Amino acid sequence: MHIRSLYLQQFRNYREAHFEFSPSLNLICGPNAKGKTTILEAIHYLMIGRSFRASKNLDLIHFGTDSFTLEAIFCKHGVDQKLSLHVKPQERRIVYNSSLLASASNLLGIISGVVTTPDDVSLLKGPPPLRRQFIDLLIARNDPLYVHYLARYVKAMRHRNQLLRQKSAATIEAWECEMARAAAYIISQRRKRISSLQEHCQKFHTLLTDENDHMTLHYQSAALDCSTPDDICTYYQDRYKKNRGREMLLGTTLSGPHKDDLAIGIGGREARTFGSEGQQRSCAAALHLGEWSSLKEASAETPLFMIDDAGIGLDSKRKNRLLSLLEGLGQAFVTTTDHALSDSLKGTKKMITLPLSRDCQSPIS
């Protein structure tokens, strides 16, 4: 698949802008704070319904306005399609090929792609929720049932936590059963996808570094000894019942897939603790390349690949290796302040130079 054009209105620093893209490589060049990352952010928002650098829709609306609009024309399965969003701080209208979508979760899988940014090292160094979010989103884009069970688990856990805070056992067992059944599916799917992702990441890590240190991914869960979904379900039903008294004192659920983690290793040691800055950034890049490969494997379409601030934090050897991989990744988008980077990129490419006009130079970046 590839995006043919992108329209932005009142989004970040753009009052209004229209871009047309190459189906292969698109190089977006310009000074800092002129809207390069915003183009990738708009595509990412169309993919999953949220930004990769802002938690609130209000932060994405152009200064002095009350909403923004995004629209993409893209080719998928050989057919041109259209996706548009009109967003206010507390309201969102999503239209896909003239059909109104009920929620942002319906966006998952329509436009498939991956974005890598200079902040990606936080996937290794940051807290567990970042890594859980990464693996959950990877699975959700190809598995609607995973989205269903994840929502059921979160809803049931909220009810259980409320009962724990109230020191009430009324109906708590029913919510625990619901949590255990959902946990069984969530953990089973996480295990499968992480096992597959490990192979993809190791391949790309070797291509990026040309080193023998293996990159490893290990799923960390209290239910690791459970071999089947039924075993996981039984394990958590027993655990929730056993821990009820202690958790009533604390008012929260202490175990389950919401507490699990993804351990990322390099050369047999934990990357977040023992890896150098360069090794950590190489692992982060390999993680997203593996994500791209995993998405491609799970669907009939080639996902997009986006790089913000191309190769920042990598030494010249690893940066050149990363850029050389782009030719085989379908449609790619690369932002940079270095116009000369175009000369080192092979294959057909399109250069987009920013800023486009005075309207693209708002104080908001």
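Here, each number is a calculation from the coordinates, and none is a lab measurement. As the structure is a prediction and not an experimental result, all values here were calculated from the model. No Cβ is skipped: glycine too gets one built from the backbone with ideal geometry, and neighbour counts run over all protein chains shown.
What to note about this one:
- Summary value for the chain: 28 percent relative contact order, contacts being C-alpha pairs under 8 angstrom separated by 6+ residues.
- Rounded if a/c under 1.5, otherwise prolate or oblate - segment 1-96, Cα gyration tensor axes: oblate
- Gain in span if fully extended, ALA33 to THR273, counting 0.36 nm per residue against the direct Cα distance: 83.1 nm
- Cβ-placed point charges (K, R +1; D, E -1), dipole of the chain about Cα centre in debye, nearest 20: 820
- Unsatisfied cross-links (Cα-Cα over 27 Å) in the set LYS192/LYS350; LYS56/LYS76; LYS56/LYS259; LYS36/LYS203; LYS34/LYS350; LYS76/LYS319: LYS192/LYS350; LYS56/LYS76; LYS36/LYS203; LYS76/LYS319
- Of the residues GLY78, PHE21, LEU60, the one whose Cα sits farthest towards the positive end of the charge dipole of segment 21-110 is LEU60 (charges of +1 on Lys and Arg Cβ, -1 on Asp and Glu Cβ, taken about the Cα centre).
- Averaging Cα coordinates gives a centre for segment 124-166 and one for segment 65-92; these two points are 26 Å apart.
- Segment 93-221 shape via C-alpha gyration tensor axes, a/c threshold 1.5: oblate
- Peptide packing for 278-289, 213-224 was compared via the average number of neighbouring C-beta atoms within 10 Å per residue; ordered from the highest value, the list is 278-289, 213-224.
- Mean separation of Cα contacts under 8 Å, 6 or more apart, over the residue count of segment 131-186: relative contact order %: 40
- Segment 262-322 and segment 1-36 have Cα centres separated by 24 Å.
- Model label sites at THR348 and GLU173, defined 7 Å from Cα along the beta-carbon direction, differ in position by 6.6 nm.
- Bridgeable aspartates and glutamates around LYS167 (alpha carbons under 13 Å apart, same-chain partners fewer than 8 residues away excluded): GLU247.
- Ordering of 42-49, 341-348, 158-165 by packing [mean C-beta count within 10 Å, highest first]: 42-49, 158-165, 341-348
- Selection from ALA180, SER282, ILE264, by position along the positive dipole direction of segment 178-290 (Cβ): ALA180
- Among 173-182, 8-17, 234-243, the order from most to least packed when residues are scored by Cβ within 10 Å on average: 8-17, 173-182, 234-243
- Counting only alpha carbon atoms, the long axis of helix 172-209 and the longest principal axis of the chain meet at about 40°.
- Three-way shape call for segment 39-142 based on the alpha-carbon gyration tensor, with the a/c threshold at 1.5: oblate
- Efficiency of FRET from Cβ geometry, LYS203 and ASP261, R₀ 22 Å, rounded to 0.05: 0.40
- R0 of 25 Å, Cβ-Cβ distance LEU249-ALA54: FRET efficiency to nearest 0.05: 0.10
- Neighbour counts of C-beta atoms inside 10 Å place MET306, MET157 in the sequence MET157, MET306, starting with the fewest.
- Label corresponding to Cα extents along the principal axes in Å when calculated from the structure given, among (1) 70, 52, 39; (2) 68, 44, 36; (3) 63, 51, 39: (3)
- Counting only alpha carbon atoms, the long axis of helix 316-325 and the longest principal axis of the chain meet at about 90°.
- C-alpha long axis of helix 229-250 to longest principal axis of the chain, angle in °: 80
- Candidate aspartates and glutamates - alpha carbon under 18 Å from LYS125, same-chain residues fewer than 8 apart omitted: ASP260, ASP261, GLU270, GLU277
- Local net charge near LEU322, Cβ-Cβ under 15 Å (Lys/Arg +1, Asp/Glu -1): -2
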